[in-house]
1. What accessible area per residue comes out for the chain, rounded to a whole number of Å², with a 1.4 Å probe?
2. Which residue, Gly15, Ala196, Ser94, has the largest displacement toward the positive end of the dipole of the chain when charges sit on each Cβ (Lys, Arg +1; Asp, Glu -1)?
3. Compute the length gained on full extension between Thr126 and Thr2: take 0.36 nm times their separation in residues and subtract their Cα-Cα distance, giving the result in nm to one decimal.
4. What is the Å³ per residue value for the convex hull set by the Cα atoms of the chain?
5. Using a 1.4 Å probe, how large is the accessible area of Asp131, given in Å² and rounded to the nearest 10?
6. Taking Lys98 as the anchor, which aspartates and glutamates have their alpha carbon closer than 17 Å to its alpha carbon, excluding any fewer than eight residues away along the same chain?
7. Based on DSSP H runs of at least 4 residues, each adding -39500 (n - 2.57), what is the mean residue ellipticity at 222 nm of the chain after dividing by all its residues, to the nearest 500 deg cm²/dmol?
8. Angle check, please: helix 178-194 long axis (alpha carbons) against the longest principal axis of the chain (alpha carbons), in degrees 0 to 90, nearest 10.
Amino acid sequence: MTANELISRSLKTIGVLASGETADSDSVADALVVLNNMVDSWATNRLTIYTTTRNVLDLASSTQEYTIGTGGTFNIVRPVTIERASIILDKNASATEKIELPVNGPLTVSRWQDIAIKGTTSTYPTDFYYDKAWTAGLAKISVWPIPDNSNVQLVLYVPTALTEFADLTTVYTFPPGYEEALRYQLSLRLAQEFGAQITGALAELASESFANIKRVNLSKETLGIDPALSTSGGKYNWRTDQYA
């Protein structure tokens, strides 16, 4: 599906175009802006994101802070969120011998503040902080302790959203449900843009198709419990105030 096809279908859905008609270039250009604004907004909603990308990034010796984003030290799309992170202890090891260990983070602001001596060095980091700054499109990653060698890699597991449509003619493919959700969600926005009426049927289709993709993207996490709160063996008898 191309952006031009998506825009045409959406304009027909709201009655701006009839079957067989094509939109003029100015209308298509306006609609492309609306489409890309919508896709950009979807990137802030975790349930519209269907994939998590594993990014392996080199850490430098004696370096704590790194820019992240297109053109940054970590040259990947600036993450809206980071779900998980780990480190590879020896990047020069063979693929079958590399050890990947989870690290804590992203730390909250308060937990990052609680680290009193941020310049502590060690063989490899155990924590990281993600500063969602926006400086020329770049954010910042800080690791702690600071690695004293350049043999360590940071692995970030980043939810990767849809990218904006680069032009009108590039063909894109999507997982099941996305074409319909894009069409009807775009129809709602174009109805506002072109002064068309939003019918109850359209609103229902838009809501249902949007809910469908969110449902399949819902991640089911395992509920954890602190070992100190669990017991092995008997049960507490509230009548006798004893374990048996």
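1. Normalised by residue count, the accessible surface of the chain is 59 Å².
2. In the chain, that residue is Ser94.
3. Length gained, Thr126 through Thr2: 40.2 nm.
4. Convex hull of Cα atoms, per residue: 233 Å³.
5. Accessible area of Asp131: about 50 Å².
6. Hits, sequence-local ones excluded: Asp58, Asp90.
7. -9500 deg cm²/dmol, from helical runs alone.
8. The helix 178-194 is inclined about 60 degrees to the chain.
The values are calculated or read from the model by the stated rules, or taken from the named source; none is laboratory data. Just so you know, these numbers come straight off a predicted model, no measurement behind them. Cβ: placed from backbone, ideal geometry, glycine included. Neighbour counts: every protein chain shown. The area values use the complete protein model at the heavy-atom level, side chains included, leaving out ligands, DNA and RNA. Shrake-Rupley method; radii C 1.70, N 1.55, O 1.52, S 1.80 Å.
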